[in-house]
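Okay, so here's the structure we're looking at.
The numbers here are math on the coordinates, done by the rules we state, and not lab data. Because the structure is predicted, anything quoted here is derived from the model rather than measured. We place every Cβ from the backbone using ideal geometry, glycine too, and count neighbours over all the protein chains shown.
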Ligand SMILES: Cc1cc2nc3c(=O)[nH]c(=O)nc-3n(C[C@H](O)[C@H](O)[C@H](O)COP(=O)(O)OP(=O)(O)OC[C@H]3O[C@@H](n4cnc5c(N)ncnc54)[C@H](O)[C@@H]3O)c2cc1C
């Protein structure tokens with residue numbers, strides 16, 4: 001039988017489809033069904049694929065049925081967690097998509113300060129429940145990101161410099177393997193799989209739930225934005241590159257170079273002009289945080305600022321609006337060896353020709369707790385990376401695709417010499433050589449061996465794929 005999803009779908013008869021439906025607690029959607037288009041939609045509007053079948057899983061057994069059905073019928077299989085990944089592998093053309101978005105249960109254990117979350121959770125689902133107990137899980141900075149893809153790639157955000165990556169706080173995961181078994185991966189059970197899940201993406205099975213260690217955070221955090229002038233870009237970025245590396249791990253300061261969004265505290269004349277947005281979060285007393293942020297406030301003559309004690313939940317959703325669903329997006333990314341003077345020059349050169357008002361260059365500072373975990377501990381690599389250079393382009397009109405993609409690609413090419421590796425979760429659909437660049441050679445060999453063991457037929461290949469060699 002053909003392995004192509006579309007061909008295989010032609011061979012599925014209504015009897016087989018009804019047989020699958022009868023085993024499910026969740027819904028089985030076909031292209032003509034109500035809800036099908038919503039279920040197949042993902043964050044990046046560049047991706048418009050039509051699975052032959054979608055299972056809206058309600059529990060682990062639905063996932064097992066889906067995995068078994070895809071394997072037995074040689075269907076291409078895609079897994080949608082939060083549907084946020086820019087590469088768009090959460091949805092397949094033809095084949096079967098497992099939509100986990102109904103699996104959103106969150107159970108906090110306040111005594112142990114742990115939380116068990118189902119795989120369809122968005123980060124906002126987790127913050128909402130954990131904050132009831134003054135807790136948070138280390139995760140990303142846009143609240144409608146899915147916990148699944150984020151965690152399986154690594155997961156960093158405002159508290160990771162102090163508390164580690166999402167994977168550094170992962171205690172266990174429930175996984176449905178390619179042969180339809182439900183197993184646990186943790187330090188004690190299937191530790192080889194546990195190693196691979198922490199950075200190796202969705203290559204080894206479908207995770208149905210994660211258990212995390214939480215950290216005490218909030219309910220308010222000292223946080224805010226300082227808007228530096230683009231005229232001062234070279235001097236500010238050089239200062240920033242050195243200063244943020246001297247800060248304690250409870251202070252995280254990032255940089256976003258872009259046309260100014262219409263922030264209410266900015267003079268309307270600044271809206272749309274190139275600026276350097278400097279967002280920060282401090283996980284301690286406001287007074288101490290103010291001292292640490294003061295040199296940035298005093299640098300040059302900022303256009304404006306908004307800072308103070310903000311509810312953690314509100315801060316976590318503060319960037320959602322700029323990253324809403326439905327726009328076309330193309331990203332290129334590097335882990336930087338350093339934010340050197342020559343690299344800063346390239347950033348400034350390219351930003352001067354930024355192709356649209358919603359494009360940005362995002363430069364998070366990464367050092368801290370993640371770098372203190374040994375490189376062998378998890379599949380996630382390049383833990384000592386000081387900065388990431390993330391080139392985000394975002395637009396609406398398909399006729400302009402080449403303009404945006406071309407700018408991002410050229411920018412990426414001309415900054416390659418400053419790079420060492422990439423974060424797998426920031427990859428577009430760039431092919432196997434680029435996937436390899438997200439890992440050390442040693443980790444890649446171990447990942448391939450793990451793939452040979454857990455998924456030798458590459459059932460799970462709609463992802464940043466690690467091809468089996470078995
Ligand atoms: C606006 C924006 C902001 C972001 N901010 C951050 C950030 O602050 N920090 C950070 O670390 N990352 C960030 N990311 C990257 C993010 O981590 C990835 O896009 C991640 O893949 C999103 O997870 P998801 O579940 O929403 O994605 P999906 O698109 O649903 O999934 C991505 C891939 O993961 C696999 N997968 C998903 N769920 C499962 C599962 N349950 N079991 C097995 N495999 C699965 C599949 O292969 C799927 O193709 C951001 C992305 C965007 C678009």
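Brief remarks follow.
- Between 0 and 90°, nearest 10: helix 441-454 axis offset from the chain longest Cα axis: 30
- Placing pseudo-labels 7 Å out from each Cα toward the beta carbon at residue 401 and residue 184 gives an inter-label distance of 4.6 nm.
- Pairwise centroid distance, computed over Cα atoms, of the stretch 411-469 with the stretch 271-289, Å: 33
- Neighbour counts of other Cβ atoms within 10 Å put 334, 271 in the fewest-to-most order 271, 334.
- Helix 233-243 and the longest principal axis of the Cα set of the chain meet at an angle near 80°.
- FRET E, pair residue 192, residue 61, Förster distance 25 Å, beta-carbon r, rounded to 0.05: 0.50
- Angle in degrees between helix 341-351 and the longest Cα principal axis of the chain, rounded to the nearest 10: 70
- Neighbour counts of other Cβ atoms within 10 Å put 395, 444 in the fewest-to-most order 444, 395.
- Applying the Kirkwood pairwise sum to the alpha-carbon positions of the stretch 1-124 produces a hydrodynamic radius of 15.0 angstrom.
- Using distinct alpha-carbon pairs, which all enter the 1/r mean, Kirkwood radius of the stretch 258-313 in Å: 12.8
- Calculated FRET efficiency for the pair residue 37/residue 306, C-beta based, R₀ 35 Å, to 0.05: 0.35
- Going from the fewest other Cβ atoms within 10 Å to the most, the residues 50, 25, 80 appear in the order 25, 50, 80.
- Modelled label positions at residue 288 and residue 377, each set 7 Å beyond Cα in the direction of Cβ, lie 2.2 nm from each other.
- Contact order normalised by residue count of the chain, Cα under 8 Å, 6+ apart, percent: 16
- Extended-chain gain in nm, criterion 0.36 nm per residue less alpha-carbon gap, residue 467 and residue 441: 7.9 nm
- Long-range tail of P(r) for the stretch 105-193 (Cα pairs > 20 Å, %): 34
- A straight chain from residue 338 to residue 430 at 0.36 nm per residue would run longer than the Cα-Cα distance by 30.8 nm.
- In Å, descending, principal axis extents of the Cα set of the chain: 70, 55, 43
- Rg ratio (alpha-carbon, reference 2.2 N^0.38 Å) - the stretch 321-389: 1.37
- Taken over the C-alpha atoms, the stretch 220-426 has Rg and Dmax values of 16.9, 51 angstrom.
- Residue 21-residue 235 pseudo-label distance in nm [points 7 Å out on the Cα-to-Cβ vector]: 6.9
- DSSP beta bridges fully contained in the chain are about 90 percent antiparallel.
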